[in-house]
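The values are calculated or read from the model by the stated rules, or taken from the named source; none is laboratory data. Computed from a predicted structure; not experimentally measured. As a convention, Cβ positions derive from the backbone with ideal geometry for all residues, glycine included, and neighbour counts pool all protein chains shown.
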Amino acid sequence: MTYSLEIDNLTKTYPGSDFRLDNVSFSIPRGTIMGFVGENGAGKTTTMNAVLNIVKKDGGTIKIFGREMGDKDRDIREQVGVVFDGANFPEMLTPARLAKVMAGTYKQWDQERFLNMTARFNLDTGKKIGRYSRGMKMKLALAVALSHRPKLLILDEATAGLDPIVRDEILSVFLEFIEDEDHSILMSSHITGDLEKIADYITFIHRGQIRLTESKDRLIYEYGIVRCKAEQFRLIDRADMMAYRKRDYQIDVLVNNRAAFERKYGGMVVDRGSIDEIMLLLVKGGD
């Protein structure tokens, strides 16, 4: 298997802060979408910034298409498209003028593709960016990111705050992007329903540590959540539970093989869990 992005034992600390990226490791196979989830402050944006060389890592390795990217590796940077929450283009520019700036920045800039994307998104390229709505700004950021022909997209909350219709339109573009099996996406989002629609893999990060990387289909169709009483909970072997959380009159237990658990512990109810529910148990539960 070949990978677009390989992160191995990435560490990062900040003076005067308790936060630490603690040996973060995961990889994205080519032709796939990796959903990157965790609570605010878990380390998602710091990880992405380290990938992009915006922040300097303290340790570990980051390889993009098999190579570590330094400040002078423009050819690698050209292959990475970035859309961050709150795209910060100069608001006095029009998209037409912005395109001229980008054409001088990226060797691979494709003006025809940019015009096609802005037309598809119904963006007025003669209108100043400052007059755009949030949704229009995010569409513009995506049009820019795609117009220098990247192979890897890094998206940090790119669909946050958008209405369902706009989100659905943007998700369709992401799926089209990975139809080319050389392309991949790393996408953080608090809207886990979006990830359930399009992601191939999910990585959970909590307090700077990776808790789990798993295929989305396994999470949804094979993992499960046991809803049990205290007396039932005492019967469960700790080796059969990934995490658990006590609630008022019930204990929720996360298991990674629903069918096997049901065979071993007949009579206990095991539900499918959403990505939100699984994340909550991994973050809030004991293990």
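When only residues in the stretch 238-272 that are in contact with a Gly (Cβ under 7 Å, 6 or more places away or on another chain) and basic (Lys, Arg) count, which is farthest from VAL283 (Cα to Cα)? Among them, the one singled out is ARG258.
So is VAL283 without any contact (Cβ under 8 Å) to a residue 60 or more places away in the chain, among the β-branched types (Val, Ile, Thr) and not in a loop (DSSP other than H, G, I, E, B) or not? Judged against the criteria, VAL283 is not a match. When we screen ASP8, ASP22 for residues that are acidic (Asp, Glu), out of contact with any Pro (no Cβ under 8 Å at 6 or more places or on another chain) and surrounded by fewer than 15 Cβ atoms within 10 Å (Cβ to Cβ), the only hit is ASP8.
Among residues belonging to the stretch 183-194 that are modelled with pLDDT of 95 or more and not hydroxyl-bearing (Ser, Thr, Tyr), point out the one that is farthest from the chain's Cα centre (by Cα). That would be HIS183.
Working carefully through the options TYR221, TYR249, find the one that is closer than 30 Å to TYR3 by Cα, exposed (fewer than 14 other Cβ atoms within 10 Å of the Cβ), free of Cβ contacts under 8 Å to residues at least 60 places away in the same chain and not β-branched (Val, Ile, Thr).
Values: TYR249 fails: closer than 30 Å to TYR3 by Cα.
None of the others qualify; the one that does is TYR221.
Only a single item in (1) assigned to a loop (DSSP other than H, G, I, E, B); (2) within 24 Å of LYS197 (Cβ to Cβ) is not met by GLU277, and it is number (1). A search for C-beta distances below 8 Å between a residue of the stretch 175-191 that is more than 9 Å from SER4 (Cβ to Cβ) and any residue that is in a helix (DSSP H, G or I) and of a type in the set (Lys, Arg), counting only pairs 6+ apart in sequence or on different chains, returns SER188/LYS44; ILE191/ARG167.
For the stretch 232-274, the set of residues classified as out of contact with any helix residue (DSSP H, G or I) (no Cβ under 9 Å at 6 or more places or on another chain) and either at positive phi or part of a helix (DSSP H, G or I) (or both) consists of GLN232, PHE233, ARG238, ALA239, ALA259, GLU262, ARG263, listed by residue number.
A count restricted to the stretch 1-54 and to residues that are closer than 14 Å to THR203 by Cβ and of a type in the set (Phe, Trp, Tyr) stands at 3.
Restricting the search to the stretch 195-211, which residues are part of a strand (DSSP E or B) and either surrounded by fewer than 18 Cβ atoms within 10 Å (Cβ to Cβ) or over 12 Å from the mean Cα position of the chain (by Cα) (or both)? Once the filter is applied, which keeps residues that are part of a strand (DSSP E or B) and either surrounded by fewer than 18 Cβ atoms within 10 Å (Cβ to Cβ) or over 12 Å from the mean Cα position of the chain (by Cα) (or both), the stretch 195-211 yields HIS206, GLN209, ILE210, ARG211. In the set (1) of a type in the set (Asp, Glu); (2) without any contact (Cβ under 8 Å) to a residue 24 or more places away in the chain; (3) closer than 26 Å to LEU140 by Cβ, the condition left unmet by ASP73 is number (3).
Quick test for you: out of ILE76, ILE28, ILE54, pick the one residue that is surrounded by 20 or more Cβ atoms within 10 Å (Cβ to Cβ) and either assigned by TED's automatic domain parsing to the domain that holds VAL144 or of a type outside the set (S, T, N, Q) (or both).
Values: ILE76 fails: surrounded by 20 or more Cβ atoms within 10 Å (Cβ to Cβ); ILE54 fails: surrounded by 20 or more Cβ atoms within 10 Å (Cβ to Cβ).
Within the list ILE76, ILE28, ILE54, the selection yields ILE28.
Going residue by residue through the stretch 57-67, is there one that turns out to be part of a strand (DSSP E or B), out of contact with any strand residue (DSSP E or B) (no Cβ under 7 Å at 6 or more places or on another chain) and charged (D, E, K, R)? Looking through the stretch 57-67, at least one residue is part of a strand (DSSP E or B), out of contact with any strand residue (DSSP E or B) (no Cβ under 7 Å at 6 or more places or on another chain) and charged (D, E, K, R). On the basis of being among the acidic types (Asp, Glu), in the same structural domain as ARG134 (by TED's automatic domain parsing) and free of Cβ contacts under 8 Å to residues at least 24 places away in the same chain, does ASP200 make the cut? When the stated conditions are applied, ASP200 does not pass them. Only one of the listed residues (MET69, MET92, MET117) is surrounded by 18 or more Cβ atoms within 10 Å (Cβ to Cβ) and modelled with pLDDT of 90 or more. That residue is MET117.
If you go through the stretch 231-249 and keep only what is closer than 19 Å to GLY267 by Cβ and modelled with pLDDT of 90 or more, you end up with GLU231, GLN232, PHE233, ARG234, LEU235, ILE236, ASP237, ASP240, MET241, TYR244.
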